[in-house]
Amino acid sequence: MHVDPFTDRNVSEQSAYYYVDMGEYPQTGWGKFKQVVKRSLKGELFVGLWVVMREMIKFDIHTVQYPKEKLPIGPRYRAVHKLLRLWESGFERCIGCGLCEKICISDCIRMDTRIDEESRKEVTEYSINLGRCIFCGYCAEVCPELAIVHGDRYENASEQRAHFVIKDDMLTPLDFLTAGQQKEYPGFGAITPHEDERVTKTPLAY
Amino acid sequence: MDLAFIIETVVKIVVILLVFSALAGFGTYFERKILAFMQRRLGPMHVGPYGLLQVAADGIKLFTKEDIIPQNVVKPIFKLAPVITAATAFMAAAAIPFWPEFTVLGYTVHPIVSDINVGILYVMAVMAIGLYGPLLGGMASANKFSLISAARSAAVFISYEVITGLALLAPLMMVGSLSLIDINNYQSAGITHWIAWSQPVAFILFWIAAFAETGRTPFHLVANDHEIIDGFGTEYSGMRWGLFFIGEYANMFFISFVMALIFLGGYGDGSIAGALQLLLKVAFFFFFFLWTRAAWPDVRPDQLMWLCWKVLMPIAVLNVIVTGVVILIQTQGGM
Ligand code: SF4
Ligand code: SF4
């Protein structure tokens with residue numbers, strides 16, 4: 001359906017809005033009395049009773065018994081972060097570029113890097129203050145290596161006001177990776193399907 | 001007064017107290033479950049199988065909770081008010097026969113604490129005193145919402161006393177006795193003799209008024225959560241609040257018994273089948289209280305007053321007059 005009929009909020013032929021038929025409101029006492037009698041005897045009250053009784057008999061229950069049952073969350077749901085590893089080598093994907101730290105709106109990513117023995121940049125510390133994080137997903141969006149992503153762990157209640165997630169909590173454990181359990185992230189900042197076909201070489205020569 | 005009588009009475013009182021306190025607890029369980037089912041939910045599920053022990057959990061919570069007396073309340077009255085509600089609810093039970101008389105080990109038991117000859121009058125009067133619970137509790141609470149609730153409860157209860165009284169008058173004229181046992185025996189011949197058939201208007205009126213008297217949903221404005229929080233119960237905590245609760249639910253059971261006894265034939269001829277029928281009738285009335293809560297919206301206080309004084313009371317008066325004329329004609333014709 002086109003949106004135009006809905007953008008015009010005046011009641012008219014063109015718009016999708018119309019007045020609900022409320023009927024005349026009774027002005028006199030006698031009119032009110034007649035309305036009460038009509039409403040009481042017309043069976044509206046019993047229709048209500050029947051509707052709830054029908055639902056009770058049908059017993060079509062929609063309760064999710066939460067700690068035991070859980071609703072599936074959407075693939076783009078932004079829950080507690082995860083740091084991923086490279087599939088082949090098991091190295092950390094994070095290259096310590098600091099983009100996530102920089103873009104973070106609530107300034108809650110803290111990281112430390114150093115140059116290791118092989119002259120590679122190594123991330124020594126990486127923590128996110130979940131007490132301040134607003135789960136906006138910018139860090140995952142901006143990460144060039146798909147290293148920081150949002151996982152599916154949303155039960156992050158804690159006794160601590162500022163509950164930190166340190167690198168070890170987020171990083172995929174190695175045995176987990178070798179078991180093939182690391183999940184690729186389909187949400188924010190993920191590569192879209194068929195990305196390979198769409199990549200073109202950067203024209204360097206003019 | 002012999003010793004056996006005293007012991008018997010005390011035992012009866014204790015049994016009624018225990019049974020109906022427990023029933024009040026289970027009443028809350030049934031209410032939650034039935035409301036939940038009607039709204040496609042499951043209701044309490046976690047404490048015990050199917051949440052059955054929820055009642056016990058609530059009991060523990062209510063008993064162990066701190067009893068808070070807020071700063072500016074009128075202390076003695078604030079403390080007393082819940083007791084009035086619970087006590088009057090149970091006092092009313094004294095004149096209600098819960099079961100036909102039966103014989104155990106050659107001893108005939110009358111399952112009524114006291115068959116006084118003004119039974120129904122006593123029940124109604126004591127239930128009316130229950131008004132002082134919400135009224136005093138609300139006024140002593142130093143809380144605006146409680147005060148509004150107190151004012152409403154006074155208005156509602158006093159108005160609907162009129163309806164219950166007038167609605168009852170017609171059946172009482174037919175029976176010629178105020179004792180609930182006499183009223184029951186009047187209809188003992190079977191379903192066709194139920195007063196509900198000869199006095200349908202009185203039955204409906206009394207039923208409507210019962211909703212106001214117990215403060216149940218279409219007329220729940222005494223403690224209407226969405227406008228005046230919990231009304232007179234707002235400042236109460238722990239067991240004091242629990243007493244209000246027990247009083248309210250016990251009242252629902254007792255008024256269900258009264259309705260079943262007066263209008264739907266009670267326990268009939270006094271056989272076990274009749275007694276079970278009485279329980280079924282009471283269960284139906286109790287269920288109906290919950291059912292309407294799931295289905296019907298609340299009315300405004302002014303609408304409630306309007307309904308009482310301008311619609312129900314004239315109908316009740318007319319009903320009394322018509323009944324009187326019919327009885328007069330019948331007796332004249334009989335002479
Ligand atoms: S989700 Fe947003 S707020 Fe949270 S760490 Fe990432 S960028 Fe910062
Ligand atoms: S943006 Fe990605 S690669 Fe860069 S520091 Fe953050 S997590 Fe590491």
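The values are calculated or read from the model by the stated rules, or taken from the named source; none is laboratory data. As the structure is a computational prediction, the values presented were derived from the model and not from experiment. So basically every Cβ, Gly included, is an ideal-geometry build from the backbone, and we count neighbours across all protein chains shown. Note: areas computed on protein heavy atoms with side chains; ligands, DNA, RNA excluded. Shrake-Rupley method; radii C 1.70, N 1.55, O 1.52, S 1.80 Å.
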For this session: Starting from the range B:202-216, take each residue that is polar (S, T, N, Q) and list its partners that are open to solvent by less than 10 Å² (accessible area, probe 1.4 Å) and assigned to a helix (DSSP H, G or I), counting only C-beta distances under 8 angstrom and pairs at least six apart or across chains.
Result: B:214/B:252; B:214/B:255; B:214/B:289
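Residues checked against (1) closer than 18 Å to residue B:209 by Cα; (2) modelled with pLDDT under 85; (3) more than 14 Å from chain A (Cβ to nearest Cβ):
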site: B:314; (1), (2), (3): yes, no, no
site: B:322; (1), (2), (3): no, no, yes
site: B:328; (1), (2), (3): no, no, yes
site: B:332; (1), (2), (3): no, yes, yes
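Residue-wise test of (1) within 14 Å of chain B (Cβ to nearest Cβ); (2) within 38 Å of the chain's Cα centre (by Cα); (3) of a type in the set (Ser, Thr, Tyr).
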| position | (1), (2), (3) |
| --- | --- |
| A:4 | no, yes, no |
| A:18 | no, yes, yes |
| A:27 | no, no, no |
| A:43 | yes, no, no |
| A:52 | yes, yes, no |
| A:58 | yes, yes, no |
| A:66 | yes, yes, yes |
| A:74 | no, yes, no |
| A:85 | no, yes, no |
Seminar exercise, completed: Pairing a residue in the range A:105-127 that is in contact (Cβ under 8 Å) with a residue 60 or more places away in the chain and closer than 14 Å to residue A:148 by Cα with any residue that is within 12 Å of ligand 2 (Cβ to nearest atom) and open to solvent by less than 100 Å² (accessible area, probe 1.4 Å), where Cβ atoms lie under 6 Å and the two sit 6 or more apart in sequence or on different chains, gives none
Exercise. From the list A:11, A:37, A:47, A:3, which residue is without any contact (Cβ under 8 Å) to a residue 12 or more places away in the chain, open to solvent by less than 60 Å² (accessible area, probe 1.4 Å) and of a type in the set (A, V, I, L, M, F, W, C)?
Worked result: A:37
For this session: Return the only residue of B:86, B:81 being open to solvent by less than 40 Å² (accessible area, probe 1.4 Å), within 16 Å of the chain's Cα centre (by Cα) and among the aliphatic types (A, V, I, L, M).
Result: B:86
Problem set entry | Matching option when the condition is of a type in the set (S, T, N, Q), within 11 Å of ligand 2 (Cβ to nearest atom) and either within 16 Å of residue A:167 (Cβ to Cβ) or surrounded by 15 or more Cβ atoms within 10 Å (Cβ to Cβ) (or both), among A:124, A:113 | A:113
Exercise. How about the range B:138-164: which of its residues are in contact (Cβ under 8 Å) with a residue 24 or more places away in the chain, more than 19 Å from the chain's Cα centre (by Cα) and surrounded by fewer than 17 Cβ atoms within 10 Å (Cβ to Cβ)?
Worked result: B:142
Exercise. What residue, among those in the range A:105-162 that are over 17 Å from residue A:83 (Cβ atoms) and β-branched (Val, Ile, Thr), is farthest from ligand 1 (Cβ to nearest atom)?
Worked result: A:115
